[in-house]
Amino acid sequence: MVALSDFERGMLKQKVGVPTGRFAINPLTGEEVPIWIGNFVIAAYGTGAVMAVPGHDQRDFDFAKNYDIPIRQVLVEKADDEVGEMASAYEGYGPMVASPLPGFDGKSGEEANRAVIESLEEIGMGEGTVQWKIRDWLISRQRYWGTPIPIIHCPECGIVPVPQSQLPVLLPDDVVFTGHGNPLESSDPFCNVDCPTCGSGARRETDTMDTFVDSSWYFLRFSDAMNDDACFDGEVADYWMNVDFYCGGIEHAQMHLIYARFWTKALRDLGLLSHDEPFQTLLCQGMVNKPAPHCKPCGITLHVDLTGKMCPICGAELGIRSAKMSKSLGNTVSPEGLVSEFGADTVRLFILFSAQPEAGMDWSDEGVLAAWRQVSLLHGIPATISEWVGTASSIDGWMKARIRQQVRQWMTAMDNADLRRAVEISHYDLVKDLNWYTRRGGANSEVGLDLLKAWCYMLQTATPHLAEEWWSGLGTGGLNATRVMPKGYGNVEAGDDEILAGEVYLRQFLDSARNTRRMAQRHLGQPPTKAIAQTTVDWKVDLAVSALRFIDDGGDVKQFQKVLIAKPYAQGEQKGEVITFWRKKMLPQVFKWSDEDRALLLGGLDESAILGANSGFICTELELEEFTAWKFGDGEDVGGRGGSAFPLRPSLTFVQK
Ligand SMILES: [Zn+2]
Ligand SMILES: [Zn+2]
């Protein structure tokens, strides 16, 4: 027999058990229920013996499948569902079915619970109780660092509480730490006291309270930390509580959270505050994992020293599996070593960029290197910008609008504890933005300074050393860490949406145009010198926008045709073409557009105007001598493809002049 911790039990892949050959009797039906011993049952839960319900608990289902134990379905999702072979456990609280006793079928949830409890109570076989998750809690410790238990042991009076006027009991300074016993016992002045009741010589309790006692209410003390008369003032605590954000490992969900909530509720019952729950939002950060040898038949993970060897228990060949870093498995990495090799900024960036805080992550040495390269790249950016000698240009407006947009997106990500997205913006996307700005001819040192100042705010949280390095290089004095982002910083300004949409469209156009150009070159047998883009006709754009709005307003897309046939462009001769276009071309597309595309369409972008205004840049990017753009119908249909243009997808024809 092997005792498993709750954590190891959670990791169990294989549920193993043995039948005892004995049976329990169902008190309501008199049926015999086989008794098994299983490795996935928690010994400390209740009596350690649990009623397995294979039809409605996935763990029990897996176990029953393994050992051919009958699986009986007694709950369904909807009242008229068929009862039959189950592919997996149904874990919902739908209505009861197939009960051998009258009065249960059709009842669900609370009502079903009550019905079963009542019928057991009627025959005197049990009664309803409330099951609390908090278990008995032994709070006394034989340690120095804990809150003294305010009790005095008197030979005459017995156990005497320290009077309120003598509280709090302070820990003595004159203790000796020997490594043996409770250090408090070495302080005579602490231990030998007069009994508060009869005055005779008595002895002070030397056990202290578990540190969980303090961590269960420190947040209340923090709300009124200077109060010398009470643990905290109820009104002050009510004002500050509750705690906005609680971040901890999953083990907190079982331990500290339960204690702290219990404590808060107990203090509330004592009338010391009126809040019922101490914490507003919980974020459980995931664990850091690293591969370790794993035995599939035994269902256990082993020490890294056994990598590539045989299982010491069953002799099977060991596989590899990602497991929580632990000393017992030896699959740990030392942050100190990495910090001294790459710097703390790199290690932090790597961890934040690897995964969402909740998700947990797999450690990867290559990932650390990639983060180090990114930090090095970022390190050189202020020097590059300081060499800019350009003057104001038309792309400056875009860079300024983009900085504001990135600040907003970064703050949203931070507010949502979406730290991966936050560093993606601050440490990766802004580099791409900078590259786009210079590619578009931007080199205005004033804009560069604005960018660096905004960027420093965003670099600070993940890579404070880098941010300070940047900041000190700007020569403005002080520490970046002490800068406070002004209220409204990054707020959207008039014209921002339009200017941002234009560049998004241009980037998308160039990405797809490069592919078309490659194909055209193959077809022409030589590089094209000229390209003509024809953007789609107005009615197709209106159709796209109308359909998107219709769906956004909760409309059923099948009903959209009714809206469509009322459109002026869907009348007379054109009606058939418009309806066919909707069914064959637009309907499959409306759900495929990305959020970015939808924003472009709904924002009323003038495609041919944007392409026309940037023809010089497009020529450079596509290595052309000439580029022109117009709306289909406004010029000659070169190549005969203008009619196939789609909203956001102009037709493009490359030619050799
Ligand atoms: Zn006494
Ligand atoms: Zn094994």
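What the table shows:
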quantity	calculated
Lys562-Asn416 FRET efficiency (beta carbon distance; Förster radius 30 Å; 0.05 resolution)	0.15
All-pairs alpha carbon distance profile, region 6-122, 5 Å steps from 0, percent	2, 10, 18, 21, 21, 16, 10, 2, 0
Principal axis box of region 178-336, alpha-carbon based, largest edge first, Å	71, 43, 32
Heavy-atom accessible surface of region 252-339: percent carbon and sulfur, 1.4 Å	58 percent
Rounded FRET efficiency, nearest 0.05, which uses the C-beta distance separating Arg507 from Leu377 and R0 of 30 Å	0.90
Viscosity 1.002 mPa s, temperature 20 °C, Stokes-Einstein D of region 272-383 from Kirkwood C-alpha radius, µm²/s	127 µm²/s
Positive dipole terminus of region 397-522, leading residue within Asn444, Gly488, Ala462 (C-beta point charges)	Asn444
13 Å reach of a label modelled at Ala599, 7 Å along Cα-to-Cβ, counting backbone N of region 386-403	401-403
Segments 428-439, 391-402 sorted - mean Cβ within 10 Å per residue, highest first	391-402, 428-439
Of all accessible heavy-atom area on region 547-632, the percent that carbon and sulfur account for (1.4 Å)	51 percent
Principal axes of the chain: Cα extent on each, largest first, Å	111, 75, 60
Those GluC sites (Glu not before Pro) in region 347-424 that DSSP places in a loop and that have at most 15 other beta carbons within 10 Å	Glu358, Glu387
Gap separating the Cα centres of region 285-333 and region 99-140, nearest whole Å	42 Å
Span per principal axis, largest first, for the Cα atoms of region 202-291 (Å)	55, 40, 24
Sparse-neighbour loop sites [trypsin sites (Lys or Arg not before Pro); region 472-559; at most 12 other C-beta within 10 Å; DSSP]	Lys487
For region 401-469 versus region 52-81, the gap between their alpha-carbon centres in whole angstrom	53 Å
Region 60-209: relative contact order in percent, alpha carbon pairs under 8 Å with at least 6 residues between	17 percent
Given charges at beta-carbon only (K, R positive; D, E negative), |dipole| of the chain in Debye	2680 debye
Unit charges on C-beta of K, R, D, E only; dipole of region 150-234, Debye	160 debye
Listed residue (Phe353, Gln405, Ala417) projecting farthest to the positive dipole end of region 340-493, Cβ model	Gln405
Region 577-657: relative contact order as a whole-number percent, Cα under 8 Å and 6+ apart	20 percent
Distant-in-sequence amide H partners of Ala629 (H built 1.01 Å from N, under 5 Å)	Ala533
Inverse of mean 1/r across different Cα pairs in region 388-472, Kirkwood, Å	13.2 Å
For Thr208, net neighbour charge (Lys/Arg +1, Asp/Glu -1) across residues whose Cβ lies under 12 Å away	-2
Net charge, Tyr144 excluded, C-beta distance under 15 Å - Lys, Arg +1, Asp, Glu -1	-4
Residue list for region 448-475, given a label point 7 angstrom along the Cα-to-Cβ vector of Ala481 and an amide N cut-off under 20 Å	453-475
At 1.306 mPa s and 10 °C, Stokes D of region 76-155 from Kirkwood alpha-carbon radius, µm² per second	90 µm²/s
Unit charges at the beta carbon, dipole of region 140-212: most positive-side option, Thr197, Leu184, Trp145	Trp145
Rule-of-thumb Rg ratio for region 140-212 [Cα; 2.2 N^0.38 Å; N residues]	1.08
Sequence ranges 78-88, 21-31, ranked by mean other-Cβ count within 10 angstrom, highest first	21-31, 78-88
Scattering profile of region 340-493 at q = 0.10 Å⁻¹ [log10 I(q)/I(0), Debye over alpha-carbon scatterers]	-0.36
Å² per residue, accessible surface of the chain at 1.4 Å	58 Å²
Sparse-neighbourhood loop sites, chymotrypsin sites (Phe, Trp or Tyr not before Pro) in region 175-247 - DSSP loop, at most 11 other Cβ within 10 angstrom	Phe177
Computed Kirkwood radius, in angstrom, where 1/r is averaged over Cα pairs of region 501-644	16.9 Å
The chain - share of DSSP beta bridges that are antiparallel (%, nearest 5)	70 percent
Unit charges on C-beta of K, R, D, E only; dipole of region 6-122, Debye	520 debye
Antiparallel %, DSSP beta bridges [both residues in region 510-655], to 5	50 percent
Contact order normalised by residue count of the chain, Cα under 8 Å, 6+ apart, percent	7 percent
Euclidean distance between Cα centres, region 350-388 to region 583-619, Å	33 Å
Region 288-332: Rg to Rh, with Rh as the Kirkwood radius over Cα pairs	0.94
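The values are calculated or read from the model by the stated rules, or taken from the named source; none is laboratory data. The shown structure was predicted, so the numbers you read here are calculated from the model rather than taken from an experiment. Neighbour counts run over all protein chains shown; Cβ positions are idealised from the backbone, glycine included. What goes into the accessible areas is simple: the full protein's heavy atoms, side chains included, and nothing from ligands, DNA or RNA. Shrake-Rupley method; radii C 1.70, N 1.55, O 1.52, S 1.80 Å.
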